[in-house]
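Remarks on the structure that follows.
The values are calculated or read from the model by the stated rules, or taken from the named source; none is laboratory data. Small disclaimer: the values here were computed from a predicted structure and weren't measured. Reconstructed Cβ throughout: ideal geometry from the backbone, glycine too, with neighbour counts over all protein chains shown. We work out accessible area using only protein heavy atoms, side chains counted, and drop any ligands, DNA or RNA first. Shrake-Rupley method; radii C 1.70, N 1.55, O 1.52, S 1.80 Å.
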Amino acid sequence: MNHLRLVGLLTLLATGACTQQPSFLASFADKNAAAPVERLNPGTAPPDKWSPAPDPLEDEDLPNTERISKMPRKVGECFETTITSITDRYGEDIAPKPKKGADPGTIVRFSNSGVQVSLRRESSIIKSQVFDKVNLCLVEVPKECPADLRGRIYKTTNLRTKESWTLANDIKNCGGPAG
């Protein structure tokens, strides 16, 4: 009697294996094969774990480059972008209250690969938040070396807070060694 049950069970398994429909075991194996996905809250995730999607490219006029989206290239040109991180110049979170002594400055990064750097604490940047939409405009290109991307000055307006700041994209001016 047990042999008949085994034969019946084997034929059932063989039939299931030959059909094109996924079986319960196959779907279970597929679900467990993938590594678990870490779900992060965008409001509390650290910048190295999550970042907003890059701004889309409207046209590709810089073929074979690493740029992920557009930065203003002409004085007066503006683009809307998103803040991706706000830190001090050393990459640390900005303390709620400034410490006495040396000012670690401020760095704000954008989803269009833009960055602005200040040697001091910028209150308008600190009032901003990651994911805030901003309008980023090029206001000055150094006359000494217009082809160098360092030292360009941008005016940024936070569209949520309506506050603006004007800063360079590097603490060093154009020309000379990078770093």
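Could you list the chymotrypsin sites (Phe, Trp or Tyr not before Pro) in region 68-163 that lie in coil according to DSSP, counting only those with at most 16 other Cβ atoms within 10 Å of their Cβ?
Values: sites: 79, 90, 110, 131, 154; in loops: 90, 131.
Hits after loop and neighbour filter: 90, 131.
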Could you sort out which of 97/127; 97/155; 100/172; 97/133; 127/155 sit more than 19 Å apart by Cα distance in this structure?
97/155; 100/172; 97/133
Let me know the Rg and Dmax you get for region 96-173 when you use only its Cα atoms, in Å.
13.1, 39
Charge tally for neighbours of residue 116 with beta carbon under 15 Å away, counting Lys, Arg as +1 and Asp, Glu as -1, is +3
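If you take the beta carbon distance between residue 145 and residue 99 as r and set R0 to 41 Å, what does 1/(1 + (r/R0)^6) give as a FRET efficiency, to the nearest 0.05?
0.70
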Give the accessible area for residue 78 in Å² (nearest 10); use a 1.4 Å probe, count only protein heavy atoms, and leave out ligands, DNA and RNA.
60
